[in-house]
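For reference, the structure is listed below as structure tokens.
The values are calculated or read from the model by the stated rules, or taken from the named source; none is laboratory data. On a predicted model such as this, the values are computed, not experimentally measured, just so you know. Please note: Cβ atoms are built from the backbone with ideal geometry, for glycine as well, and neighbour counts cover all protein chains shown.
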Amino acid sequence: MAGAENRYDVLVVGGGHAGCEAALAAARMGARTALLNLYLDNTALMACNPSIGGPAKGHLVREGSALGGEQAEAADRSAVLLRRLNTSKGPAVQALRAQCDLKDYAAHFTMAVETQKNLHVRQELVTDLWVDGGRARGVKTRYGPLYEAKAIVIAGGTYLGGRVFIGDESFSSGPLGQVPSKELPRSLREAGIKTGRMRTDTTPRLHLDSLDLSSLTAQGSSGEPLAFSLWNEGKIYEGYFCYLTRSGPETHRIVRENLCRSPLYSGAMAGRGPRYCPSIEDKVARFPERESHPVFLEPVSGSNREVYMQNFSTSLPFDVQLAMVRSLPGCEKARIVRPGYTIEYDYIFPTQLLPSLETKAVGGLFFAGQVNGTSGYEEAAAQGLLAGINAALTARGEPPLVLSRGEAYLGVLVDDLVTRGTDEPYRMLTSRCEHRLILRHDNAGRRLSPIGRKLGLIDDCRWGRLMASWKRVDDEIERLEGARIRPSDGLNSALAEAGSPPLSETVSAADLLRRPEVTYGLVEKFSPSPAAPVGEEILALEVEIKYEGYIERQRRQVARLAKMEGVRLPPDLDYSGIPGLLSESRQKLEALRPVNLGQAGRISGVTPADIHLLSVWLNALQRRDGREELQED
Ligand SMILES: Cc1cc2nc3c(=O)[nH]c(=O)nc-3n(C[C@H](O)[C@H](O)[C@H](O)COP(=O)(O)OP(=O)(O)OC[C@H]3O[C@@H](n4cnc5c(N)ncnc54)[C@H](O)[C@@H]3O)c2cc1C
């Protein structure tokens, strides 16, 4: 048994993006929590690109904010450039992307975890998981102490069994220069958790003063005030630029001539790499017809001179990296401060997890972040938040929070992982989400804050602000439906300017807004509001009115999905006793043991006919159990 001081409700192993969110959520829900991190100076380290957000990833960050998470706040506080992406596309895929000062981002999280009530942060290298009677009881650490808890979250990122590759060089390591976690993966396997290998790579970092940026295209912030967090006022970020350069025939020649020296092609690595973030050698090999690839040079912090090279990750030998870098315009005299490299690491097969992120094999043991086979700070933080919430609920003996695919991108992310699994680093994409129109960036608060409020993660002041904002939008939608707009010369010339046909008869203000070219600003000019919505409220209002029909259809689909999700499957269901099931389906159902009919239907290879059989069987089972209960009475 651990000493009283080391007995907690929740233990979180790992101080990365997932671990910090998990520990903050659990502690904010009142759980006595310890965050154990092998090296405190790497808290919330951005080991790769110093940016947060983008389509789908940005949705996850905003959803985290709506649930009471911290990443959006860290991104806002450390942003040096913030842009809205996909403005020419539909509202469902618009999202924010921030370029962050990586030191400020890490400092924000460090301060947040170190000042959080109920949370103790300790530098500890966790070596062993302590399991007793099928339940996680605690962990053992390198420095000696035994820690005990009712629930444990493992968020070890790329450190578990980490091995770095640069050309022919390969050595045991966490992200370059960090200590790897060697013992913990062995202990996890002993506890029955199955693991595989994955890899991911990063770019060389250059010294800013060695670059000639004068001939390159600079990209700055958008002029629109923006914020990731639901709780921050939008801000315009000025004074930061990243620079566009391009690889060319000479770069590609160097890569091609040295491909045999790349560990990617020598067979030295077993793990699969990220499909959506291929290395420059992968791009050159896979797309030989392309003569050039864009490369963004991004200063990483105001407190050093390092420049990240977006789209230029590599694990070629150092001398080749230098030659490749110097073949890029503006980089002819570049000095490499840190080399690019690949890291290979252990991940756990995520199909071993329940939708709460708790393992099926060991009660009270949760996993979150890159260790679950994902890639990216946003995917990690979102999972960390969910795992932290559920660890706190488990410690209280309460049922877990499960988010469905119709409620949140986070629901889609977790469902994809636990239902389909992944054998390459999983990245969140808008195309993975079938209910995109109702899972928007602008309505994340409306979808998820009521849950965050119930969990105690949204305080009265924030809740009050949200309610006032929703009321402004709802009242204005109602007003626009009722207000009449008459044709006039002024209106028709404004419509002509917007590229919309003139109005010939009186219509409701809402109908006028339904025209694709017409904005709320135009309508409000001719039908002034006593309490007009502001900022993102306008986007939410426009989308709700313009896409009403589509939104309604998606809501009906989600309601149907909810019915299927509501049919629970007993964890010990004997699938071999269900007549007519295809044997492939039976094997897959037995292997995954889905928690409900909805999840069963999403297992690849399980057919709608099998789901029908399963549903009929469950009904029969319920009727029989009902009869038996009546007889017993
Ligand atoms: C080389 C490289 C390339 C990358 N490329 C990309 C990319 O292209 N795109 C992208 O989106 N993301 C990329 N990333 C991924 C990004 O860094 C991660 O997705 C993100 O950091 C994952 O967050 P996490 O919290 O799960 O893990 P991490 O940030 O890795 O944090 C893990 C934490 O666990 C701690 N820890 C581990 N084991 C123990 C132990 N036994 N005891 C105590 N503490 C422990 C570590 O100290 C660390 O604090 C890359 C990362 C690396 C290293």
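The table for this structure:
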{"quantity": "Residue check, residue 223 outside the structural domain of residue 129 (by TED's automatic domain parsing) and either over 29 Å from the mean Cα position of the chain (by Cα) or away from the ligand (no atom under 16 Å from the Cβ) (or both)", "calculated": "yes"}
{"quantity": "Lone unmet requirement of (1) within 22 Å of residue 394 (Cβ to Cβ); (2) within 15 Å of the ligand (Cβ to nearest atom); (3) part of a strand (DSSP E or B) for residue 52", "calculated": "(1)"}
{"quantity": "Any hit, the stretch 170-177, residues being surrounded by 24 or more Cβ atoms within 10 Å (Cβ to Cβ) and within 14 Å of the ligand (Cβ to nearest atom)", "calculated": "yes"}
{"quantity": "Qualifying residues in the stretch 1-38 (those that are surrounded by 24 or more Cβ atoms within 10 Å (Cβ to Cβ) and among the polar types (S, T, N, Q)) - the one farthest from residue 388 (Cα to Cα)", "calculated": "37"}
{"quantity": "Candidate set: the stretch 319-363, residues that are under 23 Å from residue 417 (Cβ atoms) and among the aromatic types (Phe, Trp, Tyr); chosen: the one surrounded by the fewest Cβ atoms within 10 Å (Cβ to Cβ)", "calculated": "349"}
{"quantity": "Residue, farthest from residue 252 (Cα to Cα), within the stretch 266-297, restricted to residues that are of a type in the set (Val, Ile, Thr) and either assigned to a loop (DSSP other than H, G, I, E, B) or touching a residue at least 40 places away in the same chain (Cβ under 8 Å) (or both)", "calculated": "295"}
{"quantity": "Some residue of the stretch 55-62 being farther than 30 Å from residue 1 by Cβ, part of a strand (DSSP E or B) and either at pLDDT 95 or above or within 16 Å of the ligand (Cβ to nearest atom) (or both)", "calculated": "no"}
{"quantity": "Qualifying residue in the stretch 255-265 (condition: surrounded by fewer than 17 Cβ atoms within 10 Å (Cβ to Cβ) and free of Cβ contacts under 8 Å to residues at least 12 places away in the same chain)", "calculated": "yes"}
{"quantity": "Failed item in (1) surrounded by fewer than 24 Cβ atoms within 10 Å (Cβ to Cβ); (2) under 19 Å from the mean Cα position of the chain (by Cα); (3) in a helix (DSSP H, G or I), with residue 41 passing the rest", "calculated": "(2)"}
{"quantity": "Condition met for residue 5 (over 12 Å from residue 150 (Cα atoms), without any contact (Cβ under 8 Å) to a residue 60 or more places away in the chain and not β-branched (Val, Ile, Thr))", "calculated": "yes"}
{"quantity": "Only one of 281, 291, 250 that is surrounded by 21 or more Cβ atoms within 10 Å (Cβ to Cβ) and among the acidic types (Asp, Glu)", "calculated": "281"}
{"quantity": "Residue in the stretch 389-407 that is farthest from the ligand (Cβ to nearest atom), counting only those that are in contact with a Gly (Cβ under 9 Å, 6 or more places away or on another chain) and not in a loop (DSSP other than H, G, I, E, B)", "calculated": "396"}
{"quantity": "Residue identified as within 14 Å of the ligand (Cβ to nearest atom), modelled with pLDDT of 95 or more, in a helix (DSSP H, G or I) and farther than 24 Å from residue 221 by Cβ among 27, 22", "calculated": "22"}
